[in-house]
Structure formats: structure tokens, C-alpha cells
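*Asks:* Can you keep this structure in mind? I'll have questions shortly.
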Amino acid sequence: MTTTRVEPHTFVILGGTGDLTRRKLLPALCTLARKQLLGKRHVVLGVARDEAMNDEGFRQWAREGLVEAGFTPEGIAAWCDSCLHYQCIGRGTAREYAELGTRIAGLDSEHDLPGNRVFYLALPPGAYPGAITGLGEAGLNRSAGWTRLVIEKPFGRDLASAQELNAVAHRYFSESQLYRIDHYLGKETVQNLLVFRFANAIFESLWNRDRVRNVQITVAESLGVELRAGYYEQAGALRDMVQNHVTQLVSLIGMEVPATFDAESVRHEKIKVLRSISEIRSEDVVFGQYSTGQINGKHAAGYLEEPGVAPNSRTESYVAMRLSIDTWRWQGVPFYVRTGKRLSRRLTQIAVTFHRAPICLFESLGGCDTNSNVLVLTLQPDEGFALCFDVKEPATPFRLRTLPLHFHYREAFGEIPDAYQTLLLDTLTGDQTLFVHGDEAEASWRLYGTLLDQKPRVHSYPAGSWGPVEADRLLGGGGDAWHGPVDVVR
């Protein structure tokens, strides 16, 4: 989000031969390099346990991954050959971390780099404490330039583990060095929530309990757990999606106007929202697990049929809940959130429903079936927004119809940068606005502690649906319903 130029640096990826590196990090770094946003002096050092790998082997592995991502071999050859390097970390002993430090110092000297370093933990979450300790004990938490540590989500699996991980990280790194990454915050449309609210007085003046009836946040996936059952069985939808992605969206929608547009002010306001959410009661939550069904006319297996899933698993693949934010702005306005796998379609959407007109002027004409205005912000896949409002159909008898006024990002701006491009560039320029503060991570886990300790009933829903019917009861009997995509709303 900053225009600061990137200084010469070494970008170290621990987990350098993993899936995240191949699918996301290397394509993002290569794209930034081709756009000349990384500067001319930088190196990327992949660090992994493979003792048979070397610089050339790593470059070849990277080339194959980049070609799979859509790059041409000719377009990436020079960058791979000049910038990519490899270092084996073995079992991660103190001696091997010391050798890593020696290798980094050698690359700094060879490429005339000033000691600016990013360490990116592209590792399984259980490996974070050991890697942070290894870096710190080897003195790699400090250098002649700046040093930054990027930690992927999930940041802990509950409040206690998040606090422990924060303690380990703060033992060696200051908060200003820590970049807890949630790739949802790097999406252009998520960033635009702040611009949408605070640069357009017409909407900010309506953003309160006097005008808003309810807020709905949907993060839906059409895919199942695929080959991630080993992780998902231990996580479930609450840990995998609600605690991080969904909660981040709640805080961005609910936050007050920051004093200034910088990392400290924005993160401070987000934390205030999280601390203002009322205790979540069991009756405000519905858990679900997908069964067999149809998606786009094709058979979709149920959760219990997925490879690696226990036959009697009660892991939730769907969560819906009602949240209450006890602030002057939002008192009495329910925030409904839902997320799940194997739903009807892939969709991330925020729907802000406004109060209906207090009286109907058209009853005598037979046109009193008015609807609430709804502002629908779509974050993926068809990024943009729609303002749904009533108009008169050009016919008789007198009839109203709800239609959307559209804006689509791709129509206006063309290709939208990948979230990792944004977040990596912010890391390199030292902008923490889109990263999660340690207090924010703990506040989020604290919200869901009681739910994590429970063994709730898990309702079944067919793959290809919008979740269990029991989730409808969360919206009460006042005529509210879950909003689908804009084409459904209209």
C-alpha cells in the first residue's frame, strides 16, 4: 500500500521447496521482479531439508513451477539464474542455522547487499517455534540493515498456543519486525473496503445502526478438503477460516475511522472492534458437515468419504454465526457470518442491508412490496460491488423490481494483482498496515475460545447447497434471509 522503493535485500524462504513456495511465493516474486519493483540488487535463498538439492537443482525446480504458473521459459531464465540460490538446513540444528548465517553473509558480500533480510516461514505451523528459535539463537534476528520475519497463518490453534508463539517470536524479534500474513488482507478488493468507506462520504454517513439493518459476510468454497484432510481434520472451518479470514473482514467493516492511514492506527481500530464483540453463545452458532451431493451437475463426495477423513469424524466443514458488536456505531446490528466447503459456488461477499422505508407510499397502487436497499461487495471471484434498489417496471399494473447498480474491477482496471504480490511488496518496504498485530491475533482467538472447547452438534448439508437449513434460524423471524450472489439478489 506504500510507494516506498524496495532497498537491496536477501529474501530467505524457510520451506523453500514446499507447495506454498512453488505456487505462490516464487510466482509473486518473479512477477514483482519483471515489473522492476524488487530493485536490481536482490537474491532469493530457498532453505529446505533436501541434502541432494543445490543451487542449480533449485533453479530448475523453480523454473518448472513458474512455467506451470504461466510464465514462459525465456521470460524467467535470467531471473532464476541470477537471483535464486539454495541452502540445506538439514535437521535444523544450531550448527546448521549458523551455516545458514554464513551463507547469507556470503551472498550479501557477493551481490553487494547491505544486510537487509526477509525470513519467510513457509513451513507447517508446528515448525514455527523451532525455526524462530533457530534464527534467533544464530543471531539472524539482527543484521547490518533491517530484518523482518513473515509468519503464515494459522498463528496458533487457540489462545494459549497463540500466546506461546507470540512469546517465542518476541523473545528474538520486536513487533515492528513481525509480519503475520493473512493473504485475504492482500486482496485489492479487501483493501478497497477502507477506501470505499472512508473516501466516500455518502456511504460512511450510512455506516451505522441508524441506517443498517444487518451485515452478512459469506466466504464460500465449492471445493472440498481435497488432499488436505490431515490438516483439516485437526482444524475444521472455525480454525481454518473464521478465526482469521472472516474475522478480518468483520473488523474492517466494523472499525472506526483511524486517526491516520498508517499501520499503527488501522490495526488499533481493528483490535477495538474485536474487543467489542459480545461473548458468542452456543445458540448463535451452527456447525455443518457436507454430505454427498451435486455441484455443477457432477457428483461430489461427502466429507466422510474424503481420503484421510476418519469414518466417524465430527469435524465441521461449515460454520454460521451471529455476532454482536457493542459499540455506539453498531449496537443492535447483527453481523451474520458463514463459511463452508462444498457450497453452491465459490464466493466471498459482504452484504450490507439497510433499513426499509418506514412507510409505503405506493400501497394504493398495489406496489407496496418494497425491499431493503442492499450494498453487496464481492471480493471474489467477480470483484466489485452492486447497490441493489427498487425501481418501477415500465409497464402496468404498477410494479416494483429490485435491480443492481454494478461496478466491476476488471472492467475498470483490467488484471488485478495477486494478494501475495501486494503483501510481499509491503513486507519489503516495511508497511505493516495489511498484517496482523500480535494483540489482534490473540483477541481473535479469545473470541472463539469457548466454541473451540465445546463438542457441538454438526448438522449435515448436501454438497452443492448453501449449507444446513439450521443456519437460517440465526437470522430470526423478521424477514431476513441469507444473501446469495448478486444475480440471486436481483
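The values are calculated or read from the model by the stated rules, or taken from the named source; none is laboratory data. This structure is a prediction, so every number in the text was calculated from the model and none was measured. Neighbour counts are summed over all protein chains in view; Cβ atoms, including those assigned to glycine, are modelled from backbone coordinates with ideal geometry.
*Asks:* Residue under question is Gln163, and the condition is that it be surrounded by fewer than 19 Cβ atoms within 10 Å (Cβ to Cβ) and either small (Gly, Ala, Ser) or over 19 Å from Leu428 (Cα atoms) (or both); does it hold? If you could, list the steps in order and put the result at the bottom.
*Replies:* Values: surrounded by fewer than 19 Cβ atoms within 10 Å (Cβ to Cβ): yes; either small (Gly, Ala, Ser) or over 19 Å from Leu428 (Cα atoms) (or both): yes.
So Gln163 fits the description; yes.
*Asks:* Quick one: what pairs do we get from the stretch 469-490, first residue at pLDDT 80 or above, second β-branched (Val, Ile, Thr), C-beta under 6 Å, 6+ apart or different chains?
*Replies:* Glu470/Val286; Ala471/Val286; His483/Val489
*Asks:* So, one more: List the pairs whose first member sits in the stretch 152-177 and is of a type in the set (Lys, Arg), whose second member is surrounded by 13 or more Cβ atoms within 10 Å (Cβ to Cβ), and whose Cβ atoms are under 7 Å apart, counting only residues at least 6 apart or on separate chains?
*Replies:* What qualifies is Lys153/Ile181; Lys153/Asp182; Lys153/Asn244; Arg157/Arg239; Arg171/Gly136.
*Asks:* Of all residues in the stretch 74-108, which are crowded, with 21+ Cβ neighbours inside 10 Å and assigned to a strand (DSSP E or B)?
*Replies:* Leu84, His85, Tyr86, Gln87
*Asks:* In this structure, is Glu269 surrounded by fewer than 22 Cβ atoms within 10 Å (Cβ to Cβ), farther than 26 Å from Pro417 by Cα, at pLDDT below 90 and not basic (Lys, Arg)? So that I can check it myself, show each step before the final result.
*Replies:* Details: surrounded by fewer than 22 Cβ atoms within 10 Å (Cβ to Cβ): yes; farther than 26 Å from Pro417 by Cα: yes; at pLDDT below 90: no; not basic (Lys, Arg): yes.
So Glu269 does not fit the description; no.
*Asks:* Can you tell me which residue in the stretch 435-477 is surrounded by the most Cβ atoms within 10 Å (Cβ to Cβ), limited to those that are part of a strand (DSSP E or B) and more than 15 Å from the chain's Cα centre (by Cα)? It would help to see each step written out before you state the result.
*Replies:* At the first step, the residues of the stretch 435-477 found to be part of a strand (DSSP E or B) are 436, 458-462, 465.
Right, trim to more than 15 Å from the chain's Cα centre (by Cα) and you get 458-462, 465.
On the way: Val458: 19, His459: 17, Ser460: 15, Tyr461: 25, Pro462: 16, Ser465: 19.
Ranking the candidates gives Tyr461 first.
*Asks:* Let me ask something additional. From the list Thr10, Thr21, Thr31, which one is buried (at least 18 other Cβ atoms within 10 Å of the Cβ), at pLDDT 90 or above and either among the aliphatic types (A, V, I, L, M) or not in a helix (DSSP H, G or I) (or both)? Explain how you work it out, then say what you get.
*Replies:* Numbers: Thr21 fails: either among the aliphatic types (A, V, I, L, M) or not in a helix (DSSP H, G or I) (or both); Thr31 fails: either among the aliphatic types (A, V, I, L, M) or not in a helix (DSSP H, G or I) (or both).
So the residue among Thr10, Thr21, Thr31 that is buried (at least 18 other Cβ atoms within 10 Å of the Cβ), at pLDDT 90 or above and either among the aliphatic types (A, V, I, L, M) or not in a helix (DSSP H, G or I) (or both) is Thr10.
*Asks:* With Phe71, Phe119 as the choices, which residue is under 28 Å from the mean Cα position of the chain (by Cα), assigned by TED's automatic domain parsing to the domain that holds Gly16 and assigned to a loop (DSSP other than H, G, I, E, B)? Write out each step before concluding.
*Replies:* Details: Phe119 fails: assigned to a loop (DSSP other than H, G, I, E, B).
After ruling out the rest, the residue left standing is Phe71.
*Asks:* Condition test on Glu175, is it assigned by TED's automatic domain parsing to the domain that holds Ile253 and surrounded by fewer than 18 Cβ atoms within 10 Å (Cβ to Cβ)?
*Replies:* Details: assigned by TED's automatic domain parsing to the domain that holds Ile253: no; surrounded by fewer than 18 Cβ atoms within 10 Å (Cβ to Cβ): yes.
So Glu175 fails the test.
*Asks:* Related question: Take the residues of the stretch 136-151 that are buried (at least 17 other Cβ atoms within 10 Å of the Cβ) and either of a type in the set (Gly, Ala, Ser) or free of Cβ contacts under 8 Å to residues at least 60 places away in the same chain (or both): which is nearest to Asp108 (Cα to Cα)? Outline the logic, then answer.
*Replies:* Within the stretch 136-151, the first condition is being buried (at least 17 other Cβ atoms within 10 Å of the Cβ), and the residues that meet it are 136, 138, 140-141, 143, 146-151.
Checking the rest, the ones that are also either of a type in the set (Gly, Ala, Ser) or free of Cβ contacts under 8 Å to residues at least 60 places away in the same chain (or both) come to 136, 138, 140-141, 143, 147, 149, 151.
Numbers: Gly136: 19, Ala138: 17, Leu140: 13, Asn141: 16, Ser143: 11, Thr147: 13, Leu149: 18, Ile151: 23 Å.
Among those residues, the one meeting the criterion is Ser143.
*Asks:* Surrounded by 15 or more Cβ atoms within 10 Å (Cβ to Cβ), in the same structural domain as Gly16 (by TED's automatic domain parsing) and in contact (Cβ under 8 Å) with a residue 60 or more places away in the chain: is that true of Ala131 in this structure? Please lay out each step first, then the result.
*Replies:* Values: surrounded by 15 or more Cβ atoms within 10 Å (Cβ to Cβ): yes; in the same structural domain as Gly16 (by TED's automatic domain parsing): yes; in contact (Cβ under 8 Å) with a residue 60 or more places away in the chain: yes.
So Ala131 fits the description; yes.
*Asks:* Looking at Gln432, Gln421, which one is over 23 Å from Val319 (Cα atoms) and not in a helix (DSSP H, G or I)? Please lay out each step first, then the result.
*Replies:* Values: Gln421 fails: not in a helix (DSSP H, G or I).
Matching residue, one of Gln432, Gln421: Gln432.
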